[in-house]
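Before any comments, here is the structure.
The values are calculated or read from the model by the stated rules, or taken from the named source; none is laboratory data. Keep in mind it's a predicted model, so treat the numbers as computed, not measured. When we count neighbours, we look across all protein chains shown, and the Cβ atoms used for this are built from the backbone with ideal geometry, even at glycine. Accessible surface areas use protein heavy atoms only, side chains included; no ligands, DNA or RNA. Shrake-Rupley method; radii C 1.70, N 1.55, O 1.52, S 1.80 Å.
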Amino acid sequence: MQYTPSHPYQTGVNLGGWLSQYSPQFTEAERLAHFKTFIQRADIEQIASWGMDHVRLPVDYSTLEDDASPGLYKENGLAFVDQCLEWCRAAGLAVILDLHKAPGFAFDDLQSASLFQEPALQERLLNLWDALARRYQGQASYLAFEPLNEIVLPDSGPWNVLMPKIVQRIRASNPSRIIVGVPQGSRFTEE
């Protein structure tokens, strides 16, 4: 079954625990073994057979980039995203690619959140979205981007400043990509 857009993003399943929110105690070998076995093609096919029209694919930035090597993206992590996109396309499912944790931000650890105070971390986030957008620009309309999971701040001001910058990076290579939180056709850009 090939994905053909009609009304995607009505009923879906979240794939949490796979490329996001896995055990921080995993060694690199354990992490890769987890990635290879936690979700398989048969799981995606099962989700499609339930009548779902999409999956949400949460990915932690640490799956894609090491803090010790900012800007050097991990092909072994990206390969799992690529594989999931292919499985979903073949099963007729749309995908929301969700950056679940970013450098300096996790929705469940606000005490150590520094993304909104540190320009270097913000630039890392912008560069990561630029790289993801360029990598997946050829993907059809079955792929949407969710820039960051659950922004829980006492004041939305810092997010309202950063979000247009992310949108601008994505729009540079994906002018019509659905971005969660941005109305379709919006000219949502930096002011």
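Quick notes on this one:
- Expressed as a whole percent, the accessible surface of the chain that belongs to carbon and sulfur atoms is 52, based on a 1.4 Å probe.
- Cα shape, the chain, gyration tensor, a/c 1.5 rule: oblate
- Taking Cα centre as origin and charging only the Cβ of basic (Lys, Arg, +1) and acidic (Asp, Glu, -1) residues, the dipole magnitude of the chain rounds to 620 debye.
- Taking the chain as a Gaussian network of alpha-carbon nodes connected by springs under 10 Å, the highest mean-square fluctuation of the residues 86, 118, 65 belongs to 118.
- Sequence of 156, 173 from largest to smallest accessible area, 1.4 Å probe: 156, 173
- Here the contact order of the chain, divided by its residue count and restricted to Cα pairs under 8 Å and six or more residues apart, works out to 20 percent.
- Here the range 23-143 carries DSSP beta bridges of which approximately 20% are antiparallel, counting only pairs with both residues inside.
- Shape metrics for the range 74-172, restricted to C-alpha atoms - Rg then Dmax, Å: 14.4, 42
- 1.4 Å probe accessible area per residue over the range 1-114, in Å²: 49
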